[in-house]
Structure formats: structure tokens, C-alpha cells
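This is the structure, below, for whatever I ask next.
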Amino acid sequence: MAHADAIAEQIRDAFDDYHARFAAISRRAQRRFEARDWAGAREDAAERLDLYDACIDECGRRLAALLSGQAHDRTLWGAVRAAYAALTDGLIDVELYKTFYNTLTRRFFRTRGVDPAIEFLALDVEPTDAITRPVARHSYAVSETRPTEAFMRVLENYRFDAPYAHRTRCAAAIAVRLQDDLAHWGGNPVRGIELLDTVFYRERRAYLVGRVFGEHRFSPCVIALVNGEDGIRAEAVLTRRADVTQLFGVSRSYFQADLPTVGDAVVFLRTLLPNKPVDELYTVLGRAKQGKTERYRSFFRYFQAHPAERLVRAEGTPGMVMAVFTLPGQPLVFKVIRDRFAWPKTVTREEVEAQYERVFHLDRIGRLLDAQSFRHLRFPRARFDPALLAELRDSCAASLDEDGEDIVVKLCYVQRRLRPLDLYLREQAGEAVREAALDYGQAIVDLARNDIFPGDMLLKNFGVSRHRRVVFYDYDEIRAVGELHFREWPQATTYEEQVAGEPWFHVAPGDVFPERFPMFMGLPAPLAAALKTVHGQLFRPQWWWQLQAQLRSGDWPDTPPYPEALKLA
């Protein structure tokens, strides 16, 4: 038993080491912001994404050397599990400790499905239910006659090694925006504000996250700070739940936030965003593994509670690379790689997996949907719609195992379910259709400005979120803008060239002809014309050449995570 205790302590210490290294990378975000070191910030984000697996591997090697011939002794690991539970009992982030432990044991034993004898069950508890300790925060009373003073105190409390461009003007602008946004509350709407001690960083911005209080209600309050050549200034204040939800959305990269503990911060954020799933909150705070655990917990609780609901094909045009299914009552889709890809797809299965891994490390700037990979997911065969099961057996057999009455999916990617853009455009009318078509163009622009070329621009590869934002979610043809050759479409000079059914000129791999994009977009003529009017640069190779030169110089364009209308005067 003493041996089990020692192993449990090693695993706990390994998680504490991971947590400390995670925090150290997160703390760099302030220095990057102060120095305007945006390239360094991107490098830190990628390093932190790889940290979890690196720490698991390090711990695994140490334990393998310590355990020697007992590495796969299930009786010993059952005792380790009990000792580890006792060591971590009562901690705010006990669920994070358990997830770390489970990841370790699953790699040791190559577990398929769930092994309750040696690991913790994800369905056992709701982690936030037991958290009652308030997260650390600042609170400020706001005077009816001198509201600017409160926001002066706010900015004085959040200090940086870079000056504010004009603290008083920033404070006044924040006060005015809050008064205007919340005027419908009546009377003196802003009575107080509370903000988390921890500053949230992502891309080129720092965020003060909290709540603003009126006499009888409260609202989210996020103050966005930017650091320009003239110093730090407040750029925007977000008080609408929809805007804050998008800021914390699953199509954006994870925040750098040096939180001493995570669970209490999640509890607080749920007061701001009560409809936001817990798994997405953990994920957007950079705890991707815990986000997966919470997503599994939430889905399978629902799955068990609704035994009559079947897994069915997801709506939309079937893809050539992925088979996609869903459970109608849950906002998720499961994407399984097909065994064979129809022409003209030339990618391999390994390349598809690499593309999804690549997107995991990219700055997704609100236009790429987060995708979590799950291995060996087990579903009862009876829960599959017969048509779906036939499709999976026919086209995804290499990704399936049939084990008794269960279907085991060896690898799938789980994403939030969006409405496919092609369906959305057929279902909507009027201005909603035009807005979606123009945001489709803006999505391509935003991706390009962050060195991402979607490759396949078909409408079916884009989805529309519940906040009517267009997001790309099909990654097998993604390329870096900088590695492509954008060309003008050659003009025919002879009759034979004019009537040729195939290109009469050489087209090399990586050649792209922006003038031909409308042929592949599939928009109705009026929408295509509107898109060309607003985003005409997409169809000119010169714009792409200029963008490539800008990216090569390291001058990456800024992509604010909110519309211009929300910026302060």
C-alpha cells in the first residue's frame, strides 16, 4: 500500500508541475502585451497547447522506470486510484487532477472505452457543483455624479509596464458607454462593477472580465485594452451577453489567463454566460483535456437519459472525406474519416489527421471551429439509425470495431453543430441571406489575413452559428497563404485556346486563380454580385500578393473580435 501511495504522490506532483508550467507560459502574456510582441504571443500559445502531452509523457517515463514489471498490475493501479482520490479530495480543481490521472492510465493500458477499476468515471460528478469559494476579484462602487472616478480606479488597479495613452479619457469613455448601453435599466443604471483579478489575454488584446450591476440586475462587462504606438487604451466595452459569448466562443483560440485555480473561475463565468456549456468554458481557458472530459460527461449523461433518441446523419451535403453524424438533442457533430476519398480529393487519411492537428495549433480568430479528437468512443449498436450504420460500415469500416452489441469508433472529431451555410441560405430570406453571404466573404478575408487559405470554398464547408456568424469547419484542404502561388487567369489568344474544354496552359500544384473563385462558391447571382461589391479584393490576385508580402514581413493584420460599432470613441 505504501508503494501505491508513493505512485499517487508522483502523479499528483506531475500534475502540479504541469499546472506551474502552464501558469508560467500564461504569465508571459502580460510581457508580450506590454512589448507588443505578437509573434512571441503566438509561439507561447502553441507551446502551451503541447505542454499537457509533454508532461504526461514525462510522468509516464518516470513511472515506467519506477514500476518496472508492475507497470500493468491492475491490482496495484486500483490501489493507486484510491490513494490518488484521497490525496486530491477537496481541491477546487480535483477534476483536473482526475483527468490528468485518467490520461496517464489510458496510455499505460491503452484503454478502449472506460475501465472503472483503474480510472475515474467522467459521469460521476458535476465538478462545479461543489465549488463555493468565490474567485478573486475587485469590486467598485460607481457614483451617480462622478462615474468616471470609479473607472479611473479600475485602470489604476490594472497596471502594466507600458503607459496608458490617456487614462482619464479611457475611464470617461468606459463610463459613457456603460451608461448608454444600460440606459434601458432606467434611472441611474450603473451602481457597481466587479472584475476578476486575473487579466485575460489573447492575440493583441487584454481583457478585464466581470459584471456591471444596476439596482436590481447585472450584466456581463468586458473591457478590452489594446497597446498601440501611443500606449495602452480602452478600445471596447462589451455588455451584451451575445457579444461576450462570441468572445468566449469555440471558433476562437484559447485565452492566456494566469488563474491560480480554474474551477472557481468557471463558476463565475457561468454567471455571465449561463447558456455556455461547461466544457467550452474549460476549453477556452486553455484546459482542452478537461474540456473533452466535460463534453464527454455532458453528452453521455444526455445519451443515457434519452434512450429512444438515435444517432443520425447530420443534415447537409455529405462530405467526400468525412461521414458526419449527430444526436438531434445535442449541439454536437461526430466526424469520421472515410476509408476512400472520391475524386478530385487527393489527400490521405494521415494528411487529414495532420490538418486537424494543425488547426488545433492555429490562431482561429473566430472563423475556424474547434475540433476535439476522441478515440475509441463506444456506442450501443441499437442507438444508430439503420441508414447511418450502413453508411459507416460501407465507407468508414477502418474507423469502426464491432464489439458485441457495441460499435467502437476508433477516431472521430467532435465539433459544435452549426447550420450548414448552403442550407441556411435556402431557408432564410431578405437581409438575413445577404448578411450571411457577406459574412462568408468576410470569413475568407479574416482567414487569409491570418495566413489561412481554406482551399475548398464550397458553401457546405461553412456553417452559421446561433449568433449568425459564418465559420469554416472542413479542414482537409487548408493551406498557408504564403505557400500558394496566386495567378491571373491567362487570356486566350487563339480560337483553339478559346474553345478548349480543359486549361490550355500549365497549372502547377499550389496555383490559385482568384478570378475563378465565383465558380466554386456556388452563390446565386445576386448574392455573388453583392459579395463582389463588398469583398472584391478576394477576386484580385494583386490583393493576395500584397497580403503575402505583408505576412512575410511579419506585419500580420489585426482582426478585432468585435465589430467596429462596439469600439469606444
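Quick note: the coordinates plus some simple rules give every number you see, no bench work behind them. Not measured: the values here are computed from a predicted model. FYI the Cβ positions are ideal-geometry reconstructions off the backbone, even for glycines, and counts take in every protein chain you see.
Could you calculate the FRET efficiency of Glu215 with Arg270 from 1/(1 + (r/R0)^6), where r is the beta carbon distance between them and R0 is 22 Å, rounded to 0.05?
Working: r = 23 Å, r/R0 = 1.06.
Once rounded, the FRET efficiency stands at 0.40.
Also: Beyond a 27 Å Cα-Cα separation, which of these cross-linked pairs lie in this structure: Lys292/Lys567; Lys335/Lys567; Lys345/Lys410; Lys460/Lys567; Lys98/Lys460?
Details: Lys292/Lys567 34 Å; Lys335/Lys567 38 Å; Lys345/Lys410 23 Å; Lys460/Lys567 33 Å; Lys98/Lys460 39 Å.
Pairs exceeding 27 Å: Lys292/Lys567; Lys335/Lys567; Lys460/Lys567; Lys98/Lys460.
Which far-off residues, 5 or more places away or on another chain, put their amide H under 5 Å from the one on Asp403, with H placed in the peptide plane?
Placed amide hydrogens put Val408 under 5 Å from Asp403.
Kindly identify the range 34-106 as rounded, prolate or oblate by the Cα gyration tensor criterion: order the square roots of the eigenvalues as a ≥ b ≥ c, call it rounded if a/c is under 1.5, otherwise compare a/b with b/c, prolate if a/b is larger, else oblate.
On the way: a/c = 4.14, a/b = 1.90, b/c = 2.18.
Note, shape of the range 34-106 comes out oblate.
Kirkwood hydrodynamic radius, the range 420-556, all distinct C-alpha pairs: what's the number in Å? List each step's numbers first, then the result.
Numbers: mean 1/r = 0.0619 Å⁻¹.
Every distinct Cα pair counted, the radius reaches 16.2 Å.
Read through the labelled values [x] 3, 15, 24, 26, 19, 10, 3, 1, 0; [y] 3, 17, 28, 27, 15, 5, 2, 2, 1, 0; [z] 3, 13, 19, 20, 19, 14, 8, 4, 1, 0 and report the label of the one computed as P(r) over Cα pairs in 10 Å bins from 0, in percent from the structure.
Correct label, based on the coordinates given: [x].
From largest to smallest, what semi-axes in whole angstrom does the range 137-297 give when each is the square root of 5 times an eigenvalue of its alpha carbon gyration tensor? The partial results should precede the final answer.
On the way: eigenvalues 145, 75, 32 Å².
That gives 27, 19, 13 Å for the three semi-axes.
Spelling out what I want: for every residue of the range 550-558, take phi, set θ = phi - 60°, compute 6.51 cos²θ - 1.76 cosθ + 1.60 (Karplus), and round to whole Hz; glycine and proline get x.
Coupling constants for the range 550-558: 5, 5, 4, 7, x, 8, 6, x, 8 Hz.
Enumerate by residue number the trypsin sites (Lys or Arg not before Pro) in the range 142-244 meeting two conditions: DSSP loop (anything except H, G, I, E, B), and at most 14 other Cβ atoms within 10 Å of the site's Cβ. Each step should come with its number before you reach the end.
Working: sites: Arg153, Arg159, Arg167, Arg169, Arg177, Arg191, Arg202, Arg204, Arg205, Arg211, Arg217, Arg233, Arg240, Arg241; in loops: Arg159, Arg191, Arg204, Arg217, Arg240.
Taking the range 142-244 and a limit of 14 other Cβ atoms within 10 Å, the loop trypsin sites (Lys or Arg not before Pro) found are Arg159, Arg217, Arg240.
Convert each backbone phi in the range 65-77 into a coupling constant with the Karplus relation 6.51 cos²θ - 1.76 cosθ + 1.60 (shift: θ = phi - 60°), then list the ³J(HN,Hα) values in order as whole Hz, x for Gly and Pro.
5, 6, 7, 6, x, 9, 4, 10, 7, 5, 5, 4, 5
Can you run phi through the Karplus equation (6.51, -1.76, 1.60; θ = phi - 60°) for the range 302-307 and list ³J(HN,Hα) in whole Hz, with x for Gly and Pro?
Coupling constants for the range 302-307: 5, 4, 6, 7, 10, x Hz.
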